Amino acid sequence: MGEPALFGPDFDRDPSPAYTWLRERPPHRLEFPNGVAAWLITRYDDALVALDHPALLKSPFAGNEEWQRAEMGLPLDHRPSLATNMINTDPPDHTRLRRACAGAFAPRRMAKLRERTQRVTDSLLDVVEARGHGDLVTELAYPLPIAIICDLLGVPESYREAVHEWSLVIDSADDSDGSKVREATDALERLVTEVVDVKRAEPDTDLVSDLVAQQAEGLLNADEVTSTAFLILIGGHETTVGLIATGALALLTHPDEAGRARRDPAHRAAVIEETLRLHAPLQNATWRFPAEDVEIGGRLMRPGDPILVSVLAANRDPAAFTDPDEFRPGQRSGDRRHVAFGAGPHLCIGAALARLQADVTFETVLRRLPTARLSVPEEELTWWPSPITRGLFHLPIEL
Ligand code: HEM
(Lines give C-alpha, C1' and ligand atoms only; values in the text may rest on other atoms or scores of the structure.)
Protein backbone atom coordinates (compact mmCIF):
# COMPACT_ATOMS: atom_id res chain seq x y z
CA MET A 1 0.00 0.00 0.00
CA GLY A 2 1.35 3.47 -0.91
CA GLU A 3 0.74 6.57 1.20
CA PRO A 4 -3.00 6.48 1.97
CA ALA A 5 -5.38 9.41 1.41
CA LEU A 6 -6.33 11.15 4.63
CA PHE A 7 -9.59 12.37 3.12
CA GLY A 8 -12.38 11.04 0.86
CA PRO A 9 -15.47 8.88 1.53
CA ASP A 10 -13.50 5.66 2.19
CA PHE A 11 -11.37 7.37 4.82
CA ASP A 12 -14.43 9.06 6.36
CA ARG A 13 -16.27 5.74 6.71
CA ASP A 14 -13.27 3.74 7.93
CA PRO A 15 -10.10 5.66 8.74
CA SER A 16 -8.40 2.60 10.23
CA PRO A 17 -6.38 1.34 7.22
CA ALA A 18 -4.85 4.80 6.73
CA TYR A 19 -4.01 5.17 10.43
CA THR A 20 -2.54 1.66 10.59
CA TRP A 21 -0.22 2.59 7.70
CA LEU A 22 0.75 5.85 9.43
CA ARG A 23 1.34 4.24 12.83
CA GLU A 24 3.87 1.93 11.19
CA ARG A 25 5.88 5.01 10.09
CA PRO A 26 5.75 7.27 13.14
CA PRO A 27 5.74 10.27 13.37
CA HIS A 28 4.89 10.90 9.74
CA ARG A 29 5.81 14.02 7.76
CA LEU A 30 2.72 15.22 5.87
CA GLU A 31 2.71 17.67 3.00
CA PHE A 32 -0.46 19.76 2.61
CA PRO A 33 -1.67 20.81 -0.88
CA ASN A 34 -0.51 24.39 -0.09
CA GLY A 35 3.03 23.10 0.41
CA VAL A 36 3.13 23.37 4.21
CA ALA A 37 4.86 20.38 5.82
CA ALA A 38 3.70 19.12 9.22
CA TRP A 39 4.29 16.19 11.57
CA LEU A 40 1.38 13.84 12.21
CA ILE A 41 1.63 11.87 15.44
CA THR A 42 -0.39 8.66 15.43
CA ARG A 43 0.99 6.32 18.13
CA TYR A 44 -0.67 6.36 21.54
CA ASP A 45 2.58 6.71 23.54
CA ASP A 46 3.86 9.50 21.27
CA ALA A 47 0.46 11.25 21.51
CA LEU A 48 0.65 11.31 25.31
CA VAL A 49 4.17 12.77 25.15
CA ALA A 50 3.22 15.44 22.58
CA LEU A 51 -0.05 16.52 24.25
CA ASP A 52 1.71 17.09 27.56
CA HIS A 53 5.12 18.30 26.31
CA PRO A 54 6.22 21.55 28.02
CA ALA A 55 8.28 22.58 24.96
CA LEU A 56 5.39 22.23 22.49
CA LEU A 57 3.64 25.59 22.29
CA LYS A 58 0.03 26.34 21.33
CA SER A 59 0.49 29.98 20.39
CA PRO A 60 0.06 30.42 16.59
CA PHE A 61 2.99 32.89 16.75
CA ALA A 62 5.27 29.92 17.58
CA GLY A 63 4.53 28.35 14.16
CA ASN A 64 7.24 28.59 11.47
CA GLU A 65 7.05 31.26 8.76
CA GLU A 66 5.70 28.86 6.16
CA TRP A 67 2.80 27.85 8.42
CA GLN A 68 2.01 31.45 9.44
CA ARG A 69 2.07 32.69 5.86
CA ALA A 70 -0.38 29.97 4.77
CA GLU A 71 -2.85 31.04 7.51
CA MET A 72 -3.64 27.40 8.27
CA GLY A 73 -6.69 26.68 10.39
CA LEU A 74 -9.87 28.72 10.54
CA PRO A 75 -9.93 32.50 9.97
CA LEU A 76 -10.76 32.82 13.64
CA ASP A 77 -7.23 31.63 14.47
CA HIS A 78 -5.84 34.81 12.95
CA ARG A 79 -8.02 37.53 14.51
CA PRO A 80 -7.09 38.94 17.93
CA SER A 81 -10.79 39.44 18.76
CA LEU A 82 -11.45 35.71 18.30
CA ALA A 83 -8.10 33.98 18.75
CA THR A 84 -6.95 35.31 22.12
CA ASN A 85 -8.21 32.32 24.04
CA MET A 86 -6.89 29.37 26.06
CA ILE A 87 -6.47 26.98 23.13
CA ASN A 88 -4.06 29.40 21.42
CA THR A 89 -2.03 30.34 24.49
CA ASP A 90 0.63 28.93 26.79
CA PRO A 91 1.23 29.47 30.51
CA PRO A 92 0.89 31.84 32.26
CA ASP A 93 -1.84 33.31 29.98
CA HIS A 94 -3.30 29.86 29.35
CA THR A 95 -3.70 29.22 33.08
CA ARG A 96 -5.40 32.59 33.62
CA LEU A 97 -7.76 32.23 30.65
CA ARG A 98 -8.73 28.69 31.61
CA ARG A 99 -9.33 29.70 35.23
CA ALA A 100 -11.61 32.50 34.01
CA CYS A 101 -14.08 29.81 32.86
CA ALA A 102 -13.99 27.67 36.01
CA GLY A 103 -17.30 28.99 37.41
CA ALA A 104 -19.22 27.96 34.28
CA PHE A 105 -18.19 24.32 34.72
CA ALA A 106 -18.69 24.17 38.51
CA PRO A 107 -20.95 21.33 39.79
CA ARG A 108 -23.90 23.63 40.61
CA ARG A 109 -24.05 25.01 37.08
CA MET A 110 -23.54 21.52 35.62
CA ALA A 111 -26.54 20.28 37.64
CA LYS A 112 -28.67 23.08 36.14
CA LEU A 113 -27.43 22.21 32.66
CA ARG A 114 -28.34 18.54 33.23
CA GLU A 115 -31.95 19.53 34.00
CA ARG A 116 -32.00 21.76 30.95
CA THR A 117 -30.47 18.99 28.78
CA GLN A 118 -33.25 16.64 29.90
CA ARG A 119 -35.98 19.18 29.08
CA VAL A 120 -34.57 19.98 25.63
CA THR A 121 -34.00 16.28 24.84
CA ASP A 122 -37.57 15.43 25.87
CA SER A 123 -39.10 18.15 23.75
CA LEU A 124 -36.98 17.18 20.71
CA LEU A 125 -37.93 13.50 21.12
CA ASP A 126 -41.66 14.35 21.54
CA VAL A 127 -41.68 15.24 17.86
CA VAL A 128 -39.88 12.06 16.73
CA GLU A 129 -42.04 9.86 18.95
CA ALA A 130 -45.32 11.38 17.75
CA ARG A 131 -44.28 11.01 14.11
CA GLY A 132 -43.03 7.43 14.51
CA HIS A 133 -39.79 8.15 12.65
CA GLY A 134 -37.13 10.82 12.57
CA ASP A 135 -33.47 11.73 12.25
CA LEU A 136 -31.38 11.49 15.41
CA VAL A 137 -28.70 13.78 13.96
CA THR A 138 -30.72 16.71 12.56
CA GLU A 139 -33.50 16.46 15.17
CA LEU A 140 -31.44 15.71 18.30
CA ALA A 141 -27.64 15.66 17.99
CA TYR A 142 -27.43 19.07 16.26
CA PRO A 143 -30.02 21.20 18.10
CA LEU A 144 -29.27 19.96 21.64
CA PRO A 145 -25.60 21.00 22.09
CA ILE A 146 -26.18 24.45 20.61
CA ALA A 147 -29.10 25.04 23.01
CA ILE A 148 -26.93 23.94 25.96
CA ILE A 149 -23.89 26.03 24.99
CA CYS A 150 -26.12 29.07 24.51
CA ASP A 151 -27.43 28.46 28.05
CA LEU A 152 -23.92 28.09 29.45
CA LEU A 153 -22.78 31.31 27.79
CA GLY A 154 -26.03 33.18 28.44
CA VAL A 155 -26.85 33.87 24.76
CA PRO A 156 -30.33 35.46 24.75
CA GLU A 157 -33.15 33.47 23.08
CA SER A 158 -33.49 35.94 20.19
CA TYR A 159 -29.89 35.26 19.01
CA ARG A 160 -30.03 31.47 19.09
CA GLU A 161 -31.34 30.76 15.63
CA ALA A 162 -28.58 32.90 14.12
CA VAL A 163 -25.98 31.11 16.26
CA HIS A 164 -27.24 27.77 14.99
CA GLU A 165 -27.26 28.90 11.36
CA TRP A 166 -23.77 30.45 11.37
CA SER A 167 -22.12 27.67 13.34
CA LEU A 168 -23.46 25.15 10.82
CA VAL A 169 -21.62 27.09 8.11
CA ILE A 170 -18.38 27.16 10.11
CA ASP A 171 -18.70 23.46 10.84
CA SER A 172 -19.42 22.52 7.23
CA ALA A 173 -16.46 21.39 5.19
CA ASP A 174 -18.22 22.36 1.95
CA ASP A 175 -16.51 25.69 1.41
CA SER A 176 -13.73 25.47 -1.15
CA ASP A 177 -12.59 29.11 -1.13
CA GLY A 178 -13.30 29.80 2.54
CA SER A 179 -15.57 32.80 1.79
CA LYS A 180 -18.66 31.31 3.47
CA VAL A 181 -16.65 30.49 6.60
CA ARG A 182 -15.30 34.04 6.67
CA GLU A 183 -18.81 35.47 6.31
CA ALA A 184 -20.12 33.22 9.10
CA THR A 185 -17.15 34.10 11.31
CA ASP A 186 -17.86 37.84 10.78
CA ALA A 187 -21.52 37.30 11.67
CA LEU A 188 -20.72 35.31 14.81
CA GLU A 189 -18.10 37.85 15.86
CA ARG A 190 -20.73 40.62 15.66
CA LEU A 191 -23.18 38.44 17.54
CA VAL A 192 -20.71 37.58 20.34
CA THR A 193 -19.83 41.29 20.68
CA GLU A 194 -23.53 42.13 21.03
CA VAL A 195 -24.03 39.42 23.66
CA VAL A 196 -21.07 40.82 25.62
CA ASP A 197 -22.72 44.29 25.50
CA VAL A 198 -26.05 42.84 26.67
CA LYS A 199 -24.35 41.14 29.65
CA ARG A 200 -22.37 44.27 30.49
CA ALA A 201 -25.69 46.13 30.79
CA GLU A 202 -27.55 43.31 32.53
CA PRO A 203 -25.26 40.72 34.16
CA ASP A 204 -26.67 37.27 34.97
CA THR A 205 -25.36 33.91 36.21
CA ASP A 206 -23.73 32.76 32.97
CA LEU A 207 -20.25 32.48 31.47
CA VAL A 208 -20.30 35.72 29.45
CA SER A 209 -21.39 37.62 32.58
CA ASP A 210 -18.49 35.98 34.49
CA LEU A 211 -16.05 37.06 31.79
CA VAL A 212 -17.40 40.62 31.69
CA ALA A 213 -17.06 40.86 35.49
CA GLN A 214 -13.44 39.68 35.26
CA GLN A 215 -12.74 42.28 32.59
CA ALA A 216 -14.10 44.95 34.93
CA GLU A 217 -11.63 43.73 37.59
CA GLY A 218 -8.76 44.01 35.08
CA LEU A 219 -8.22 40.22 34.91
CA LEU A 220 -9.12 39.93 31.21
CA ASN A 221 -8.99 42.30 28.23
CA ALA A 222 -11.76 42.86 25.67
CA ASP A 223 -10.24 40.49 23.05
CA GLU A 224 -9.92 37.74 25.66
CA VAL A 225 -13.61 38.06 26.58
CA THR A 226 -14.88 37.78 22.99
CA SER A 227 -12.31 35.12 22.03
CA THR A 228 -13.20 32.94 25.01
CA ALA A 229 -16.94 33.18 24.35
CA PHE A 230 -16.29 32.37 20.70
CA LEU A 231 -14.08 29.36 21.47
CA ILE A 232 -16.69 27.83 23.78
CA LEU A 233 -19.44 28.46 21.23
CA ILE A 234 -17.54 26.71 18.42
CA GLY A 235 -15.52 24.15 20.40
CA GLY A 236 -18.45 22.60 22.20
CA HIS A 237 -20.87 22.25 19.31
CA GLU A 238 -19.83 20.00 16.44
CA THR A 239 -17.72 17.74 18.69
CA THR A 240 -20.75 16.96 20.86
CA VAL A 241 -22.90 16.42 17.77
CA GLY A 242 -20.33 13.83 16.63
CA LEU A 243 -20.38 12.05 20.00
CA ILE A 244 -24.18 11.82 20.15
CA ALA A 245 -24.44 10.74 16.49
CA THR A 246 -21.75 8.04 16.63
CA GLY A 247 -22.89 6.77 20.04
CA ALA A 248 -26.52 6.53 18.88
CA LEU A 249 -25.36 4.61 15.79
CA ALA A 250 -23.37 2.22 17.99
CA LEU A 251 -26.45 1.58 20.16
CA LEU A 252 -28.70 1.03 17.13
CA THR A 253 -26.27 -1.46 15.61
CA HIS A 254 -25.44 -3.30 18.87
CA PRO A 255 -28.82 -4.25 20.39
CA ASP A 256 -27.23 -6.29 23.21
CA GLU A 257 -25.15 -3.31 24.32
CA ALA A 258 -28.27 -1.10 24.04
CA GLY A 259 -30.22 -3.49 26.27
CA ARG A 260 -27.50 -3.47 28.92
CA ALA A 261 -27.12 0.32 28.69
CA ARG A 262 -30.90 0.72 29.20
CA ARG A 263 -30.75 -1.22 32.48
CA ASP A 264 -27.33 -0.18 33.80
CA PRO A 265 -26.04 3.43 34.02
CA ALA A 266 -22.46 2.13 34.46
CA HIS A 267 -22.72 0.34 31.14
CA ARG A 268 -24.10 3.51 29.54
CA ALA A 269 -20.98 5.33 30.78
CA ALA A 270 -18.84 2.57 29.24
CA VAL A 271 -20.70 3.01 25.92
CA ILE A 272 -19.93 6.74 26.00
CA GLU A 273 -16.20 6.17 26.67
CA GLU A 274 -15.98 3.47 24.01
CA THR A 275 -17.69 5.77 21.47
CA LEU A 276 -15.21 8.52 22.33
CA ARG A 277 -12.30 6.09 21.94
CA LEU A 278 -13.48 4.55 18.67
CA HIS A 279 -14.71 7.69 16.92
CA ALA A 280 -12.89 10.62 18.60
CA PRO A 281 -15.24 13.38 17.36
CA LEU A 282 -12.24 15.73 17.17
CA GLN A 283 -9.92 13.45 15.19
CA ASN A 284 -6.89 15.70 15.49
CA ALA A 285 -5.89 17.91 18.37
CA THR A 286 -5.09 21.50 17.40
CA TRP A 287 -1.66 22.71 16.16
CA ARG A 288 1.44 22.59 18.34
CA PHE A 289 4.93 23.98 17.66
CA PRO A 290 8.28 23.13 19.33
CA ALA A 291 9.93 26.03 21.15
CA GLU A 292 13.27 24.19 20.80
CA ASP A 293 14.55 20.96 19.22
CA VAL A 294 12.30 18.15 20.45
CA GLU A 295 12.51 14.42 19.81
CA ILE A 296 9.26 12.43 19.70
CA GLY A 297 9.00 8.84 18.49
CA GLY A 298 12.65 8.96 17.42
CA ARG A 299 12.15 11.94 15.06
CA LEU A 300 13.77 15.32 15.54
CA MET A 301 11.29 18.21 15.33
CA ARG A 302 12.73 21.68 14.84
CA PRO A 303 11.50 24.95 16.42
CA GLY A 304 8.27 26.13 14.75
CA ASP A 305 7.58 22.83 12.94
CA PRO A 306 3.76 22.41 12.81
CA ILE A 307 2.62 19.27 14.66
CA LEU A 308 -0.78 17.56 14.68
CA VAL A 309 -1.67 14.76 17.09
CA SER A 310 -4.24 12.37 15.67
CA VAL A 311 -6.15 11.39 18.79
CA LEU A 312 -8.28 9.02 16.69
CA ALA A 313 -5.20 7.14 15.46
CA ALA A 314 -3.83 7.03 19.02
CA ASN A 315 -7.15 5.69 20.33
CA ARG A 316 -6.95 2.85 17.81
CA ASP A 317 -3.31 1.95 18.47
CA PRO A 318 -3.13 -1.84 19.01
CA ALA A 319 -0.12 -1.25 21.28
CA ALA A 320 -2.48 0.45 23.75
CA PHE A 321 -5.89 -1.22 23.16
CA THR A 322 -6.66 -4.81 22.20
CA ASP A 323 -8.90 -5.19 19.12
CA PRO A 324 -8.83 -1.40 18.77
CA ASP A 325 -11.23 -1.21 15.81
CA GLU A 326 -13.99 -3.08 17.65
CA PHE A 327 -16.78 -1.53 19.76
CA ARG A 328 -16.29 -3.33 23.11
CA PRO A 329 -17.75 -1.21 25.94
CA GLY A 330 -18.09 -4.16 28.33
CA GLN A 331 -14.50 -5.30 27.89
CA ARG A 332 -13.13 -1.79 28.43
CA SER A 333 -15.51 -0.69 31.20
CA GLY A 334 -13.81 1.79 33.55
CA ASP A 335 -10.92 2.36 31.10
CA ARG A 336 -10.65 6.08 30.39
CA ARG A 337 -7.17 6.05 28.86
CA HIS A 338 -8.39 7.22 25.45
CA VAL A 339 -7.27 10.70 24.38
CA ALA A 340 -10.48 11.85 22.65
CA PHE A 341 -10.49 14.88 24.99
CA GLY A 342 -6.74 15.43 24.61
CA ALA A 343 -4.37 15.26 27.60
CA GLY A 344 -2.12 17.58 29.58
CA PRO A 345 -2.83 21.26 30.23
CA HIS A 346 -5.22 21.67 27.27
CA LEU A 347 -7.38 18.67 28.22
CA CYS A 348 -10.92 19.52 27.07
CA ILE A 349 -12.57 21.88 29.54
CA GLY A 350 -16.03 20.77 28.36
CA ALA A 351 -15.51 17.00 28.76
CA ALA A 352 -17.95 16.69 31.69
CA LEU A 353 -20.58 18.67 29.80
CA ALA A 354 -20.18 16.51 26.68
CA ARG A 355 -20.44 13.30 28.74
CA LEU A 356 -23.50 14.69 30.51
CA GLN A 357 -25.29 15.43 27.23
CA ALA A 358 -24.45 11.98 25.85
CA ASP A 359 -25.67 10.31 29.04
CA VAL A 360 -29.00 12.17 29.05
CA THR A 361 -29.66 11.63 25.34
CA PHE A 362 -28.74 7.92 25.36
CA GLU A 363 -30.76 7.24 28.52
CA THR A 364 -33.78 9.08 27.09
CA VAL A 365 -33.61 7.52 23.62
CA LEU A 366 -33.26 4.01 25.10
CA ARG A 367 -36.16 4.56 27.52
CA ARG A 368 -38.57 6.46 25.26
CA LEU A 369 -37.80 4.90 21.89
CA PRO A 370 -37.09 1.24 22.80
CA THR A 371 -38.15 0.01 19.36
CA ALA A 372 -36.01 2.47 17.40
CA ARG A 373 -34.11 0.93 14.51
CA LEU A 374 -32.09 2.31 11.61
CA SER A 375 -34.37 2.93 8.65
CA VAL A 376 -31.60 2.68 6.02
CA PRO A 377 -28.74 0.17 5.66
CA GLU A 378 -25.71 1.27 7.70
CA GLU A 379 -23.57 1.45 4.51
CA GLU A 380 -25.82 4.25 3.20
CA LEU A 381 -25.03 6.60 6.10
CA THR A 382 -22.78 9.50 5.11
CA TRP A 383 -19.90 10.53 7.35
CA TRP A 384 -18.70 14.13 7.58
CA PRO A 385 -16.11 14.69 4.86
CA SER A 386 -13.58 16.09 7.26
CA PRO A 387 -10.17 14.94 8.46
CA ILE A 388 -10.69 17.11 11.56
CA THR A 389 -14.05 16.08 12.99
CA ARG A 390 -15.86 12.76 12.84
CA GLY A 391 -19.63 12.36 12.73
CA LEU A 392 -22.67 11.65 10.59
CA PHE A 393 -24.92 13.90 8.52
CA HIS A 394 -28.07 11.86 9.20
CA LEU A 395 -29.22 8.97 11.36
CA PRO A 396 -32.72 8.08 10.14
CA ILE A 397 -34.72 5.87 12.48
CA GLU A 398 -38.20 4.34 12.57
CA LEU A 399 -40.10 3.11 15.59
C1 HEM B 1 -17.45 15.07 22.59
C2 HEM B 1 -17.25 16.35 22.69
C3 HEM B 1 -15.88 16.99 22.72
C4 HEM B 1 -14.68 16.52 22.25
C5 HEM B 1 -14.38 15.20 21.56
C6 HEM B 1 -13.69 17.54 22.54
C7 HEM B 1 -12.34 17.41 22.23
C8 HEM B 1 -11.36 18.29 22.67
C9 HEM B 1 -9.94 18.08 22.53
C10 HEM B 1 -9.27 16.87 21.87
C11 HEM B 1 -9.31 19.15 23.08
C12 HEM B 1 -7.80 19.37 23.19
C13 HEM B 1 -7.28 20.10 22.00
C14 HEM B 1 -5.78 20.21 22.00
O15 HEM B 1 -5.08 19.88 22.97
O16 HEM B 1 -5.26 20.66 20.96
C17 HEM B 1 -10.34 20.05 23.55
C18 HEM B 1 -10.10 21.26 24.15
C19 HEM B 1 -11.10 22.16 24.47
N20 HEM B 1 -12.47 21.92 24.43
FE21 HEM B 1 -13.38 20.23 23.88
N22 HEM B 1 -14.31 18.60 23.14
C23 HEM B 1 -15.64 18.30 23.29
C24 HEM B 1 -16.62 19.07 23.89
C25 HEM B 1 -16.41 20.34 24.36
C26 HEM B 1 -17.41 21.17 24.98
C27 HEM B 1 -18.87 20.75 25.24
C28 HEM B 1 -16.81 22.37 25.24
C29 HEM B 1 -17.40 23.63 25.86
C30 HEM B 1 -18.55 23.75 26.39
C31 HEM B 1 -15.42 22.27 24.83
C32 HEM B 1 -14.48 23.26 24.94
C33 HEM B 1 -13.12 23.07 24.81
C34 HEM B 1 -12.13 24.10 25.11
C35 HEM B 1 -12.42 25.51 25.57
C36 HEM B 1 -10.86 23.52 24.90
C37 HEM B 1 -9.50 24.18 25.09
C38 HEM B 1 -8.93 23.83 26.45
C39 HEM B 1 -7.56 24.43 26.67
O40 HEM B 1 -6.93 24.89 25.74
O41 HEM B 1 -7.14 24.46 27.86
N42 HEM B 1 -15.22 21.03 24.30
N43 HEM B 1 -11.59 19.49 23.31
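Are there any pairs, at least 6 apart or on different chains, whose C-beta atoms fall under 8 Å, with the first in segment 35-49 and on the phi > 0 side of the Ramachandran plot and the second in a loop (DSSP other than H, G, I, E, B), and if so, which?
These pairs meet every condition: Gly35/Ala70.
Val360 fails exactly one of the following numbered conditions: (1) part of a loop (DSSP other than H, G, I, E, B); (2) more than 7 Å from the ligand (Cβ to nearest atom). What is the number of that condition?
(1)
What about Arg200, is it surrounded by fewer than 18 Cβ atoms within 10 Å (Cβ to Cβ) and in contact with an Asp or Glu (Cβ under 6 Å, 6 or more places away or on another chain)?
no
Can you find a residue in segment 325-344 that is surrounded by fewer than 21 Cβ atoms within 10 Å (Cβ to Cβ) and in contact with a Ser or Thr (Cβ under 6 Å, 6 or more places away or on another chain)?
Yes, the conditions are met somewhere in segment 325-344.
Residue by residue, here is whether (1) touching a strand residue (DSSP E or B) at 6+ places or on another chain (Cβ under 8 Å); (2) more than 9 Å from the ligand (Cβ to nearest atom); (3) closer than 16 Å to Val128 by Cα holds:
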{"site": "Arg337", "(1), (2), (3)": "no, yes, no"}
{"site": "Ala340", "(1), (2), (3)": "yes, no, no"}
{"site": "Ala351", "(1), (2), (3)": "no, no, no"}
{"site": "Arg373", "(1), (2), (3)": "yes, yes, yes"}
{"site": "Val376", "(1), (2), (3)": "yes, yes, no"}
{"site": "Leu381", "(1), (2), (3)": "yes, yes, no"}
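In segment 68-87, is there at least one residue being at pLDDT 95 or above and acidic (Asp, Glu)?
No, every residue in segment 68-87 fails to be at pLDDT 95 or above and acidic (Asp, Glu).
Being within 17 Å of Glu65 (Cβ to Cβ) and touching a helix residue (DSSP H, G or I) at 6+ places or on another chain (Cβ under 8 Å) is the filter here, so list the residues in segment 304-322 that pass it.
Gly304, Pro306, Ile307
Would you check if there is a residue in segment 247-262 being touching a Cys at 6+ places or on another chain (Cβ under 8 Å) and crowded, with 17+ Cβ neighbours inside 10 Å?
Within segment 247-262, not a single residue is touching a Cys at 6+ places or on another chain (Cβ under 8 Å) and crowded, with 17+ Cβ neighbours inside 10 Å.
May I ask you to list the residues in segment 346-385 that are of a type in the set (Ser, Thr, Tyr) and surrounded by fewer than 18 Cβ atoms within 10 Å (Cβ to Cβ)?
Thr364, Thr371, Ser375, Thr382
So for segment 151-172 (the condition being among the polar types (S, T, N, Q), more than 15 Å from the ligand (Cβ to nearest atom) and in contact (Cβ under 8 Å) with a residue 60 or more places away in the chain), does at least one residue qualify?
No, segment 151-172 contains no residue that is among the polar types (S, T, N, Q), more than 15 Å from the ligand (Cβ to nearest atom) and in contact (Cβ under 8 Å) with a residue 60 or more places away in the chain.
Output yes when any residue across segment 310-318 is hydroxyl-bearing (Ser, Thr, Tyr) and surrounded by 15 or more Cβ atoms within 10 Å (Cβ to Cβ), and no when none is.
There is at least one residue in segment 310-318 that is hydroxyl-bearing (Ser, Thr, Tyr) and surrounded by 15 or more Cβ atoms within 10 Å (Cβ to Cβ).
Applying the selection to segment 17-72, what residues are among the charged types (D, E, K, R), within 16 Å of the ligand (Cβ to nearest atom) and touching a Pro at 6+ places or on another chain (Cβ under 7 Å)?
Asp46
Filter segment 372-398 down to the residues that are at pLDDT 95 or above and hydroxyl-bearing (Ser, Thr, Tyr) and list them by number.
Ser375
I'm checking my understanding of the structure. Among residues of segment 97-111 that are modelled with pLDDT of 95 or more and charged (D, E, K, R), which one is nearest to the ligand (Cβ to nearest atom)?
Arg98
Quick one: which residue in Glu217, Glu165 is out of contact with any strand residue (DSSP E or B) (no Cβ under 7 Å at 6 or more places or on another chain), surrounded by fewer than 17 Cβ atoms within 10 Å (Cβ to Cβ) and at pLDDT 90 or above?
Among Glu217, Glu165, only Glu217 is out of contact with any strand residue (DSSP E or B) (no Cβ under 7 Å at 6 or more places or on another chain), surrounded by fewer than 17 Cβ atoms within 10 Å (Cβ to Cβ) and at pLDDT 90 or above.
Count, please, the residues in segment 16-72 that happen to be of a type outside the set (Val, Ile, Thr) and in a loop (DSSP other than H, G, I, E, B).
20
For residues in segment 125-149 being without any contact (Cβ under 8 Å) to a residue 60 or more places away in the chain and within 22 Å of the chain's Cα centre (by Cα), which is farthest from the ligand (Cβ to nearest atom)?
So, considering only residues that are without any contact (Cβ under 8 Å) to a residue 60 or more places away in the chain and within 22 Å of the chain's Cα centre (by Cα), the one farthest from the ligand (Cβ to nearest atom) is Glu139.
Could you check segment 185-291 for helices (runs of 4 or more DSSP H) lying wholly inside it with 1 or more residues that are more than 30 Å from Ser375 (Cα to Cα)?
The helices (runs of 4 or more DSSP H) meeting that bar are 207-216, 222-235.
The values are calculated or read from the model by the stated rules, or taken from the named source; none is laboratory data. All of these numbers come straight from a predicted model, not from anything done at the bench. Using ideal geometry, Cβ is built from the backbone for each residue, glycine included, and neighbour counts are taken over all protein chains shown.
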